[in-house]
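So the structure is just underneath, and the comments pick up after that.
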Amino acid sequence: MSSLSEHVEHEYDEADPQAPHPVAKSTLGSSDAAAIVEKGDFEEQNRFKLPAIPLPEIPASNLDLELDMSSILGTSSNAEVAKVQKRASNVMKLSQENEKLKAELKSMTDRLEAAERRREELARRQQAPQTLRTPSFRPQTLRHLLSPSLYRSMEARAYGQGEPLDPPSPRKRVLISLTPGSDEGPWNHSFRFEHKLGRRLKVVALIDPAIERATAVLQKKCDSFVVSAYQDTRVFKTLEDFVKSMSPKDRPKAVIVGSPPMYRGSLLPGRDIEMQIIKYFPGVAMFIEKPIATGPHHEIQDAFTIAKTISDSKTICSVGYMLRYLKAVQMMKQIIQENDLTVMATIARYACAYEAIAKPDWWDKSKSAGPVIEQGTHFCDLSRYFGGEVDISTVSAHSLEWDENAGHLSKISIDESKVAPENRIPRVTAATWKYDSGAVGSFTHIVALQDTNYSCELEVFADGYQLKLVNPYVQPVLYVRKPGDENEQAIRFPDDDPFFSEVSNLIDIIEDIEEDPDAAQILSTYDDAVRTYELTWAIREASERSRSAKLQASAAAAKAQQAS
């Protein structure tokens, strides 16, 4: 049996017509003579002419001189035929793989050359004052259609050893984090920054009134493989404390705001963190978690003022509506744009698993602003992302409340009796509205499921099309029905990490390292996020008006019955 190396060599011999071939061995015996006649040999032959010898005549007959190739080659067995076919298939696969590797190598080379050009440009600019550009907002680019794992592997190959390319400045990437945020599951944002920036990440400060908690989180980071990012990090109770002790080298390039929403999105002292950042660090980029606030309704105008200040100051700001960065969502956008569709309706549903929600503030409307504003905001935002701006005056809603018969829940993990009755959250909120385009939107938030898995869906309808996004938080699936086919096509998106895409786009825009200015985009600006916040508050207020009207009607009916 031939060895594997011999087998591969034979395949490449067959596949490459330019490869050298072995010289065929002579079939002549050792006693046979092979004469080569050259021009000068004819004279010698003419000297010795032999007399002609008569030959007998061969009788004519109908001879069949055709040869059957199988009589020469023999009959190939099925096994031999299969072996030849398999060898041909292997040659084809090797050829295809070779072409793929060539394409990847070219792409990698192009990116390295682009990065080198950018490095040289940055070197020329490093003495000039830095200006931050405002990103443009264009339709989806190919980058969002790549899985994060593929994009990261391509980036690692392009920059070498998985580490992004350092800018020419000796200063590394510096960030300041306002509260460490969640370290749990997919909401662990620090992991995405660590992965994106690698050894360039330098967290200079954690700002958190809960000093002990922040210190404990910081210690865990220092005990891990990302110690280089946190070994010089200091903890401060307030932003002002950090500013007072900050040295010039500690000036941040970005500020990550993960504080509870009740402490941001306002112009009131102590809750005006965005304005404080702009004051102390003009031009420094910001990442702000969603929702932008959970304050009282009358402070929405404050949020619009903050949005205008951010825009006017040309500050790069991204708000954490990460579902916009899902590949499934971007494919929905692409289908709508490529087919020149106009959205007719959006239908969103968000059913949470309440048994696993053990934060008392979440169950208290006076602290969390209610489940639609604090939790359902993601799907209200997606609805706006597809339907456009909402005519707030058209919002209507109804709710199922805690004290109604159908609103009883059997597995609440906190003691709800400690929450004032007027502040207890609704179990169901159902809302409808009109978009400025004339389309209709609806959203239903349900506090009903137990265990841990949520059930969330968004449907978008246009002429001839139904686009349905299912399970976006865990394993997104997009179901598409289009004209000419009544069957839904299911498209799955494994290994999609919208959190990483969100963070990666922000960093790329801050560093301005892309050749294509539209390659990285911020898909949720502060102004856009304020409009989602406005919609969620309109839904809450509409449902409370509906409940109040029902209670008043019931009271009037009871009074009339007593009078009669």
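For the reader, a short list of remarks on this structure follows.
- Per residue accessible area of the range 428-522, 1.4 Å probe, in Å²: 43
- Cα-based shape type of the range 435-507, given that a ≥ b ≥ c are square roots of the gyration tensor eigenvalues and the cut on a/c is 1.5: rounded
- Only protein atoms count toward the accessible area here, which uses a 1.4 Å probe; on the range 376-424, the carbon and sulfur part of that area reaches 48 percent.
- The range 191-252 and the range 357-372: distance between their alpha carbon centers, rounded to Å: 29
- Average Cα contact separation per residue, the range 299-430, under 8 Å, 6 or more apart, as relative contact order %: 27
- Solvent-accessible area of M275 with every protein chain in place, 1.4 Å probe, in Å² to the nearest 10: 50
- Summed over the residues of the range 275-396 and divided among them, the accessible surface reaches 34 Å² per residue at a probe radius of 1.4 Å.
- Reach of K468 by Cα under 16 Å, taken over lysines that are not fewer than 8 positions away in the same chain: K327, K333, K482
- Separation of the alpha carbons by more than 23 angstrom is noted, of K418/K550; K237/K367; K244/K367, for K418/K550; K244/K367.
- The alpha-carbon of K100 sits under 23 angstrom from the alpha-carbons of these lysines, leaving out residues fewer than 8 places away in its chain: K86.
- Förster-model FRET efficiency, 35 Å R0, D361 and E486, C-beta, rounded to 0.05: 0.15
- The accessible surface of the range 524-564, taken with every protein chain in place and a 1.4 Å probe, is 51 percent carbon and sulfur.
- Label zone at N405 (point 7 Å along Cα-to-Cβ), backbone N below 14 Å, the range 438-458: none
- Rounded accessible area of R234 (nearest 10 Å², 1.4 Å probe): 90
- The range 271-417 shape via C-alpha gyration tensor axes, a/c threshold 1.5: oblate
- Share of carbon and sulfur in the accessible heavy-atom surface of the range 304-368 [1.4 Å probe, %]: 53
- Compared with the direct C-alpha span, the chain from Q96 to T342 gains 84.4 nm at full extension, assuming 0.36 nm per residue.
- Distance in nm between pseudo-label sites at Q301 and N453 (7 Å out along the Cβ direction from Cα): 4.8
The values are calculated or read from the model by the stated rules, or taken from the named source; none is laboratory data. Computed from a predicted structure; not experimentally measured. A quick note on method: Cβ atoms are made from the backbone with ideal geometry, for glycine too, and the neighbour counts reach across all protein chains shown. Only protein heavy atoms, including side chains, enter the accessible area calculation; ligands, DNA and RNA are left aside. Shrake-Rupley method; radii C 1.70, N 1.55, O 1.52, S 1.80 Å.
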